[in-house]
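The values are calculated or read from the model by the stated rules, or taken from the named source; none is laboratory data. Computed from a prediction, not measured in an experiment: that's the story for all the values here. These accessible areas exclude ligands, DNA and RNA; they are computed on the full protein's heavy atoms, side chains included. Shrake-Rupley method; radii C 1.70, N 1.55, O 1.52, S 1.80 Å.
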Amino acid sequence: GYPQAFYHVGRGYAEGVMYPKNLKTAEELFLKAANLGVPQAMYSLGNLYRDGDGILKDPTKAAKMYKLAADKGHPSAMYNLGICYMNGFGVPQDRSEALWWFIKAGYRPKSFTTDGDEEKELKDYLA
């Protein structure tokens with residue numbers, strides 16, 4: 001079939017837009033899509049497990065889902081995985097790993113100039 005369909009229907013349940021809001025059903029559909037390789041579904045699962053809104057909050061699962069999506073090139077998952085490493089949320093705290101994921105995601109705080117050493121500035125920002 002169409003793996004993206006599981007994701008889109010799951011999103012409808014997660015947001016309560018096309019269907020009555022049901023996060024457990026959304027989780028099940030996102031899992032089906034994620035198992036079929038849909039990065040957006042992996043990212044959405046990460047958000048569900050991070051927030052624990054209507055399902056059990058699970059930092060380890062959240063970080064794992066962000067990592068799976070990040071490895072498939074999902075920039076928001078890369079950023080959120082960086083946040084996980086920065087705060088020790090579901091993974092051991094590791095500021096160097098956080099920095100790596102922020103840079104990979106293309107994250108640059110607005111206060112950074114583009115004419116300087118952006119990596120150094122980001123390290124200083126995280127310190």
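Worth pointing out:
- The residues of the range 1-102 expose, per residue, 52 Å² of accessible area to a 1.4 Å probe.
- Spatial separation of Cα centroids for the range 10-32 and the range 75-108, in angstrom: 27
- Using C-alpha pairs under 8 Å with a sequence gap of at least 6, the mean separation divided by the residue count of the range 51-91 gives a relative contact order of 42 percent.
- Between S96 and D53, the contour length at 0.36 nm per residue exceeds the alpha carbon distance by 12.5 nm.
- Over 21 Å between alpha carbons, listed pairs K67/K104; K32/K61; K24/K61; K21/K67: K21/K67
- Accessible carbon and sulfur surface of the range 9-50 relative to its total accessible area, %, 1.4 Å: 52
- Computed over every Cα-Cα pair of the range 18-82 and binned at 10 Å starting from 0, the pair-distance distribution P(r) comes out as 26, 54, 19, 0 percent.
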